[in-house]
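Heads up, the thing below is written out as structure tokens.
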Amino acid sequence: MAKKIIPKKITKKISSPKIDEQDSSAQLAQPTQTAPIKKKCLFCKNETTPAYTDIQSLRKFISERDKILPKLRTGSCSKHQRGLTLQIKYARHLALLSFTPKV
């Protein structure tokens, strides 16, 4: 009967580059990150509030799977995002918007 050979785990230690204590100007090169562009709240711009009767504007805040999009994705402020969620749910209850996507 042949003996099975089990390979050993190969691990490699990653050493970090050392910085001389004397050379304070030497820094590790870190990738620069750009700040994401902040979207302005659509309702704050137009000085309006979300309404369940305005179905076209509510559809902008719903994904193709009929989920309510988060405020980071839509760019709305916290105040209007809360109102928007309530209005979408109210429009769904009145059958103005669907709960599930069409198949």
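Considering only region 60-103, how many residues are hydroxyl-bearing (Ser, Thr, Tyr) and either in a helix (DSSP H, G or I) or surrounded by 18 or more Cβ atoms within 10 Å (Cβ to Cβ) (or both)? Give the steps one after another, and end with the answer.
Start the filter on region 60-103 by keeping residues that are hydroxyl-bearing (Ser, Thr, Tyr), which leaves 63, 74, 76, 78, 85, 90, 98, 100.
Going one step further and asking which of them are either in a helix (DSSP H, G or I) or surrounded by 18 or more Cβ atoms within 10 Å (Cβ to Cβ) (or both), we end up with 74, 76, 78, 85, 90.
Of the residues in region 60-103, 5 are hydroxyl-bearing (Ser, Thr, Tyr) and either in a helix (DSSP H, G or I) or surrounded by 18 or more Cβ atoms within 10 Å (Cβ to Cβ) (or both).
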Being farther than 13 Å from residue 87 by Cβ and of a type in the set (Val, Ile, Thr) is the filter here, so list the residues in region 36-73 that pass it. 37
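No value in this document is a laboratory result; all are computed from the given coordinates. All of these numbers come straight from a predicted model, not from anything done at the bench. Backbone-built Cβ (ideal geometry, glycine too); neighbour counts: all protein chains shown.
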